[in-house]
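I'd like to ask some things about the structure below.
Where a number appears in this text, it was derived from the coordinates with a stated rule and is not lab data. Note that the structure is predicted; figures quoted are calculated from it, not measured. Don't worry about glycine lacking a Cβ; one is built from the backbone with ideal geometry, like all the others, and counts go over all protein chains shown.
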Amino acid sequence: MFSYVDPAILASLLEEEKIVLLDGAGRAVERDHQEGRIHLLGPRPLPRRVDQADVAFAWYPFAKRTQLEQVLGLGKRLQRGEVEGLRELLTAQMTVNSLIVYGDLGRAEAPLIRVHSCCVTGEIFGSLRCECGPQLEQAFARIVDEGCGAIVYMSGHEGRGIGLWAKAVTYLLQDMGHDTYDANRALNLPEDSRDFTDAALVLRHFLGDEAKVRLLSNNPNKRAALEQNGVEVAAVERTLTGVSTHNLRYLKAKRDRGHTLGDLPED
């Protein structure tokens, strides 16, 4: 977030239209428009290895306008020498999500889309307690095979929205017998507090008012969230991968909550 402390950098990005302000329908609006909700940055090239080949994606980070403007305001205070603003800046909440695009998304009739929630343990640490890492890798491969599509990566969704620290506590509770949902409730936290509104908004920006997608997901709540926010889901394609003895109980709990996982191996 410190790149925004220098107003010259921000002015340059705005002038070159590298930052776009989106309203609640995903339309680009003027930078001071009252209906602006999301700042979209990019694109930047994002080369990646997929199935042993180098593949070129385009990366668009995006953040809520309110959070970004808080950071910008604190940056201006620092420019004026208000040192107390540094402490506030260090603790300011600014969640940066990402749209990772392959191909010409705007020309596709119903591109394959994966709305993916952040999972540090599964994606970075390679944990087998969930299937998040394999799901993300499979999504990249499926989209490349399709020739066009995108992943909306929601970085503030760790632990279905409770954060990494609380998620670590729920792991201890799961080892004591709770399932993944009961563990959240044991901490007086929601089973699932994720919000996919911003994902839909950004997709509408690229796909237009009649946005239509094929959703790569097992979670019916994701479909409902997209459709409630103006994105038609023409089809849902299941993604079942990464199943192991370590996450079987976790997957069965998800299936019991309505995820379309189909048959799973017995314990």
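Are any residues in the range 205-252 farther than 30 Å from Val29 by Cβ and of a type in the set (Phe, Trp, Tyr), and if so, which ones?
Selection gives Tyr250 alone.
May I pose another question? Do any strands (runs of 3 or more DSSP E) entirely within the range 133-249 hold 3 or more residues that are buried (at least 17 other Cβ atoms within 10 Å of the Cβ) and touching a strand residue (DSSP E or B) at 6+ places or on another chain (Cβ under 9 Å), and if so, which?
Result: 149-154, 212-216.
Which residues, counting only those in the range 183-224, are under 22 Å from Gly262 (Cα atoms) and touching a residue at least 24 places away in the same chain (Cβ under 8 Å)? First the steps, then the outcome.
Taking the range 183-224 first, the residues under 22 Å from Gly262 (Cα atoms) are 191-192, 214-224.
Within the range 183-224, Glu191, Asp192, Arg214, Leu215, Leu216, Ser217, Asn218, Asn219, Pro220, Asn221, Lys222 qualify.
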